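Contents: one structure, followed by commentary.
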Amino acid sequence: MPASPAVSFPAADLMETDVDAASDAALLEATAAGERVALEQLYARHAPWLLLRLQRRCADPALVDEVVQDTFVAVWRGARSYSGTGEVAAWIWGIGVRRLVDALRRRPAAALDLAAVPEVALESAEERVLLGIEYGDLGSALNHLSPELRAVVQATVLDGLTTREAGRLLGIPSGTVKTRMMRARAALRQELA
Amino acid sequence: MSSTFSEWHADDRLIERYAAGVLDPATAASVEAHVLRCRACRTTVAGHAPAARLALAWSAVTERIDDPSPGLVERSLRRLGLTESDARLAACAPAMRLAWLAALVAVLLFCVVAAAQGDVGPNLFMVLAPALPSIGVGLAYGPWTDGTYEVGRAAPYSAVRLLFLRTAVVLAVTFVLSGAAGLVVPGHRNGVVLWLIPAIALVTGTLALSAWLPPAWAASVTGGTWLAAVVAYWKSQGSVDPIFGPAGQVAAGVVFLVACLAIDRARRVHAYDVRRFL
Amino acid sequence: MTTSPSALVADGLTKSFARHRALRGVTFTSKGNTVGLLGPNGAGKTTLLRIIGTVLAPDGGSVRALGRDPANADDRLELRRRLGYLPQEPGFQRGFSAFEFVDYVAILKEWTQRRARHDEVRRVLALVDLSAESGRKIRRLSGGMRRRVALAAVLLGDRALLVLDEPTVGLDPEQRLRFRDILSRVGGDRTVLLSTHQTEDVAAMCDEVVVLHEGAVRFQGPPASLAALAEGRVWFADERDPAAQLSWRAGDGRHRHVGDPPAGATTEAPTLEDGYLLLLGAPAQAVPA
């Protein structure tokens, strides 16, 4: 079988040599220029967390894998549309979660009832610290919300979806998203008061 | 946010529980928000993601990226029933390039505009419209217009099949555009159809000559002969209309039949397959 | 090593373009694995390769490659199925990516199943180390990369005979090294016929050499035999010797001479280039093939 080339040659582009060190934004720029290695590196960096995060919103692993694929094909084709500012990870998430919404619209039965995600009490000190830093009492307030209300908060506030998209993700009409959001706000206000 | 935020990192065990889907929603949400901004924690997360699934998804991504996205012409051809590979070959005809299409549209527009000014326009249209498809065929395949011509010659794919495939595409495009132009050229109620048989005769003649000449030469011969003859007639008679009368149509039909016989003969002796020129 | 029947036979090939007689009766039988076709510009190399590559029909004479006669329709098709041909100036469809171009050629080579074809395209692009650039438009690739794209298309489908027209022209030394490396990797028991006007290519890659000059074969044999033509006819001197057939000033300031040495001169071991230059520089004393 063919061995790897006995001689190495200067890479045609800077990219090939320091792809590991390149920033996400630089990789995205190279991806826009058609550099496969750049996309591969972006995939290595961002596909794992994207897959896990999507998995928490959709119970069907096949559908999640498809959405991960869709997302990176979209990154390849649309790398040019990245504004150049802001976290690349957030940009990729924006693509990914909307692809998930689209995929669920085609296969609504696959939507996961977020209430089914098992809840576990806080245990480690780190987790308390994390909660304290990020949300403070908001964390426990969130955990006290009913699963339906929490799902709406997560979809709109944390995942950055519009009311309509959140409705599609959760399989409920957007009017219901709005009323649940109002109820969630009221509940949180009461809890944090 | 606290200023210590950027120095904090999720530990491996927390991520492991996040990956397993057993974290409470609020903690999970904060992990997610943090991971979005922290490269180190993304790396930790990667250690807990299903590697096999990710590898499979990546190979699917490369397949989809490589898969050439079919253009409009190719998609239409496939809808017409061509196989994926044939549609691809046909759509790659150099004559499908924007430059050629733009030139075609420009010529037809010129005829339409000129027709509004007086007598010259309708005559001009009837002179040019039959020749346009042949010119397209001449550009569709051959040593100078198709960069991959030489590689294609050495490949097993039938050269005559490729030529005819591309001719069909050229005909479809020119007939639609010229037909549309014919509709709006004033003074020719039958302008839409009268040029059709001469056009088909010229294209068939070009294909027949292409067995022995490069298609571009063949198109020059047929198109040049047509233009010279018709323009000369126009000069002497003041109108080209009689050419498109019954006698002219029958003559065009005869040319078509003769060319068809010549093509059949050329195929039998593999004239399209063995080239003495390049 | 060579698969029988003998790989390449040309018998009295003639070809003219208008008044120009490109081939004037080319005859040779080659059994080499990697055959170098050496000759100056205009010697008829490209015409000969086009005929063997089934792109062009000769005016007279015949060819046999892989035991097939391209003048016969069935043989020609069979030969094309087992042939990889690299034109001197491979053209590309404008706007194609490297992948799309190789994919296009793969269709012409009868790969109709899309998935299998794409796998094959990826395989040959990996062979020429262009996997990472496969999505890039060809017009955005460097000259060396473009030649590798063209080479990838040649390698599609495990070809038994590779006909390569000046594959190293325009390549810098590193790229030329890389080309040799690729060729040695895909080598195996396939036959390679390549044209070049660089004697180093022949010395580095070929086990047989055919020298073509003015449309006729001037030499055929192993590279060492071509070099041996100048055996005892290469010498150095401080001054230019007008008696030498060829001479040039070497890097160290001395003059290297090829020809009939004066009495007492110490002769040097000849290189392939010496033999080749001597052969072409002395048209009067044609060396029998």
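No value in this document is a laboratory result; all are computed from the given coordinates. Bear in mind that the values here come from a model prediction, so they are computed numbers and not experimental data. Heads up, the Cβs are rebuilt from the backbone with ideal geometry, glycines too, and the neighbour counts pull from every protein chain shown.
Near C:Leu151: Cβ cut-off under 11 Å, other residues only, Lys/Arg at +1 and Asp/Glu at -1. The net charge is +3.
Net charge around A:Val177, counting only other residues with Cβ within less than 14 Å of its Cβ (Lys, Arg = +1; Asp, Glu = -1)?
Numbers: positive: A:Arg150, A:Arg164, A:Arg168, A:Lys178, A:Arg180, A:Arg183, A:Arg185; negative: A:Glu148, A:Asp159, A:Glu165.
Around A:Val177, the surrounding residues sum to +4.
When only Cα pairs below 8 angstrom with a gap of at least 6 residues are kept, chain C shows a relative contact order of 21 percent. Using the Kirkwood radius built from alpha carbon pairs, what does the Stokes-Einstein equation give as D for the range B:13-69 at 25 °C and 0.890 mPa s, in µm² per second? In µm²/s, the coefficient rounds to 189. Per-residue Karplus couplings for the range B:131-136, computed as 6.51 cos²θ - 1.76 cosθ + 1.60 with θ equal to phi - 60°, are listed in order as 8, 4, x, 4, 4, x Hz, Gly and Pro entered as x. Note on the range C:49-185: Cα Rg divided by 2.2 N^0.38 Å, N the number of residues, gives 1.07.
Computed over the Cα atoms of chain B, the ratio of the radius of gyration to the Kirkwood radius (Rg/Rh) comes to 1.31. Grouping the Cα pair distances of the range B:74-222 into 10 Å bins from zero gives a pair-distance distribution of 12, 39, 33, 13, 3, 0 percent in increasing distance order. Reducing the range C:94-120 and the range B:230-272 to their Cα centroids gives an inter-centroid distance of 39 Å. What the phi angles of the range C:49-59 give under the Karplus curve with 6.51, -1.76 and 1.60, with θ = phi - 60°, is a coupling list of 5, 5, 5, 5, x, 6, 7, 9, 9, x, 6 Hz, glycine and proline written as x.
Here the Debye sum runs over all C-alpha atoms of the protein assembly as shown as equal scatterers in vacuum, and log10 of I(q)/I(0) at q = 0.05, 0.08 Å⁻¹ comes out as -0.42, -0.86. Against the compact-protein benchmark of 2.2 N^0.38 Å, the Cα-based radius of gyration of the range B:228-270 scales to 1.60.
Counting only other chain Cβ atoms within 10 Å of each residue's Cβ, the peptide C:100-111 averages 6. From largest to smallest, the equivalent ellipsoid semi-axes obtained for the range C:162-246 from the alpha-carbon gyration tensor read 29, 16, 13 Å. Distant-in-sequence amide contacts of C:Val128, defined by a placed amide H-H separation under 5 Å and a gap of 5 or more residues or a different chain, comprise nothing. Mind telling me which of B:Cys41, B:Cys260, B:Cys92 comes out most flexible in a GNM of chain B, alpha-carbon contacts under 10 Å? Result: B:Cys41 has the largest fluctuation of those listed.
When Cβ neighbours within 10 Å are restricted to other protein chains, what is their mean count per residue of peptide A:69-75? Provide the component values of the computation, followed by the final result.
Working: counts 8, 4, 2, 7, 7, 0, 1.
So the per-residue partner count for this stretch is 4.
Counting only other chain Cβ atoms within 10 Å of each residue's Cβ, the peptide B:85-93 averages 3. Between A:Arg189 and C:Ala18, the simple label model (points 7 Å from Cα in the Cβ direction) yields a spacing of 9.1 nm. Charge tally around C:Gly25: other residues with Cβ under 14 Å, Lys/Arg +1 each, Asp/Glu -1 each, net +1. Taking chymotrypsin sites (Phe, Trp or Tyr not before Pro) across the range B:178-278, the ones in a DSSP loop with at most 15 further Cβ atoms lying within 10 angstrom of their Cβ are B:Trp212, B:Phe277.
Could you check what % of the DSSP bridge pairs in the protein assembly as shown are antiparallel, to the nearest 5?
Working: 30 of 48 bridges.
Antiparallel bridges make up about 60 percent of those DSSP assigns within the protein assembly as shown.
Across the range B:81-165, the mean sequence separation of Cα contacts (distance under 8 Å, 6 or more residues apart), normalised by length, yields a relative contact order of 32 percent.
Taking the Cα centre of the range C:103-193 as reference, the dipole from Cβ charges on Lys and Arg (+1) and Asp and Glu (-1) amounts to some 360 debye.
Using the Cα centre of the protein assembly as shown as the reference point, and only Cβ charges (+1 on K/R, -1 on D/E), how large is the resulting charge dipole? Debye, rounded to the nearest 20.
On the way: 82 positive and 78 negative charges, 545 e Å.
Here the size comes out at about 2620 debye.
Over the range B:83-171, the hull volume per residue, using the convex hull of the C-alpha atoms, is 93 Å³. Listing C:Ser195, C:Ser134, B:Ser59 from fewest to most neighbouring C-beta atoms within 10 Å gives B:Ser59, C:Ser134, C:Ser195.
Using the reciprocal of the averaged 1/r over all distinct C-alpha pairs, how large is the Kirkwood radius of the range C:148-289 in Å? Walk me through the numbers on the way to the answer.
Numbers: mean 1/r = 0.0589 Å⁻¹.
One decimal place: 17.0 Å for the Kirkwood radius.
Between C:Asp172 and A:Asp20, the modelled labels are 2.6 nm apart [label points 7 Å from Cα along Cα→Cβ]. Here the convex hull built on the C-alpha positions of chain C has a volume of 150 cubic angstrom per residue.
Determine the relative contact order of the range C:157-289: mean sequence separation of Cα pairs under 8 Å and six or more apart, normalised by residue count, in whole percent.
21
The ellipsoid that matches the Cα gyration tensor of the range B:154-237 has semi-axes, each √(5λ) in whole angstrom, of 28, 18, 8, with the longest given first. Within the range C:1-101, the ratio Rg/Rh, alpha carbon atoms throughout and Rh by Kirkwood, equals 1.00.
Taking neighbour Cβ counts within 10 Å as the exposure measure, how do B:Tyr149, B:Tyr141 sort from fewest upward? Walk me through the numbers before you get to the answer.
Numbers: B:Tyr149 22, B:Tyr141 26.
Taking fewest neighbouring Cβ atoms as first place, the list is B:Tyr149, B:Tyr141.
Per-residue ellipticity at 222 nm, computed for the protein assembly as shown from helices alone with -39500 (n - 2.57) per DSSP H run of at least four residues, works out to -16500 deg cm²/dmol.
For chain B, modelled as a GNM whose springs connect Cα atoms under 10 angstrom apart, the maximal fluctuation among B:Pro156, B:Pro246, B:Pro25 occurs at B:Pro25.
Report the trypsin sites (Lys or Arg not before Pro) located in the range B:130-237 that are in a DSSP loop and have at most 11 other Cβ atoms inside 10 Å of their Cβ, or state none. Walk me through the numbers on the way to the answer.
Numbers: sites: B:Arg153, B:Arg161, B:Arg166, B:Arg189, B:Lys235; in loops: B:Arg189.
Within the range B:130-237, the qualifying trypsin sites (Lys or Arg not before Pro) (loop, at most 11 other Cβ atoms within 10 Å) are B:Arg189.
Sorting the segments C:114-122, B:132-140 by their residues' average number of neighbouring beta-carbon atoms within 10 angstrom, most packed first, yields B:132-140, C:114-122.
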